[in-house]
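Read through the structure below, which is laid out as structure tokens, and then see the notes.
The values are calculated or read from the model by the stated rules, or taken from the named source; none is laboratory data. This is a predicted model, so every value here is computed, not measured. Methodologically, a virtual Cβ is constructed for each residue, glycine included, from the backbone with ideal geometry; neighbour enumeration extends over all protein chains shown.
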Amino acid sequence: MILNFLFESSDHLRYENGIHVAGPHGGANRAVKVEPNINGCSGYNLQGGDGYIVTIYNLDGAHPVWQNNVQMSPKPMKIVSQSEEKIVLRGYPVQAMSPFGWIDFNGQDYGLTIYIKNHY
């Protein structure tokens with residue numbers, strides 16, 4: 001299955017280590033972009049062609065400090081499970097650029113679960 005979409009939402013829930021820590025927020029407009037990893041991912045030591053790149057945008061406006069609306073910077077992810085009802089994407093260990101050069105980054109802390117409403 002090839003995933004390539006932009007999903008806009010008026011609210012969201014946040015989980016950390018499987019525990020619900022925030023939301024619903026009563027209005028927190030976000031967009032989730034999932035696209036095939038064609039050319040790698042800026043900031044990561046990653047070749048194109050493997051998995052997906054997931055980015056989350058804040059649709060309520062630009063951040064006052066970094067002057068853009070990126071809520072979660074692009075993260076490389078792979079499908080770790082798939083059924084008729086849902087698809088689970090999860091980050092994986094990769095190298096990321098830091099002020100000190102390439103460092104190991106455990107992307108497994110990041111994930112996205114896509115629930116399929118009218119599954120096939």
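Taking the range 23-120 and the strands (runs of 3 or more DSSP E) fully enclosed by it, the elements with 2 or more residues that are surrounded by 15 or more Cβ atoms within 10 Å (Cβ to Cβ) and in contact with a strand residue (DSSP E or B) (Cβ under 9 Å, 6 or more places away or on another chain) are at 30-36, 52-58, 70-82, 86-91, 93-98, 111-115. Does residue 43 satisfy the criteria of being of a type outside the set (Asp, Glu), in contact (Cβ under 8 Å) with a residue 40 or more places away in the chain and at positive phi? Considered against the rule, which asks whether it is of a type outside the set (Asp, Glu), in contact (Cβ under 8 Å) with a residue 40 or more places away in the chain and at positive phi, residue 43 comes out as yes.
The residue that is nearest to residue 43 (Cα to Cα), counting only those in the range 78-103 that are in contact with a Gly (Cβ under 7 Å, 6 or more places away or on another chain) and small (Gly, Ala, Ser), is 96. Can you say whether residue 1 is part of a strand (DSSP E or B), out of contact with any Pro (no Cβ under 8 Å at 6 or more places or on another chain) and at pLDDT below 95, as far as the supplied structure shows? So residue 1 fails the test. Total residues in the range 79-120 satisfying the condition of being in contact with a Ser or Thr (Cβ under 7 Å, 6 or more places away or on another chain) and either over 19 Å from residue 19 (Cβ atoms) or of a type in the set (Gly, Ala, Ser) (or both): the figure is 1. Scanning the range 18-48 for residues that are at pLDDT 90 or above and of a type in the set (A, V, I, L, M, F, W, C) yields 19, 21, 31, 32, 34, 38, 41, 46.
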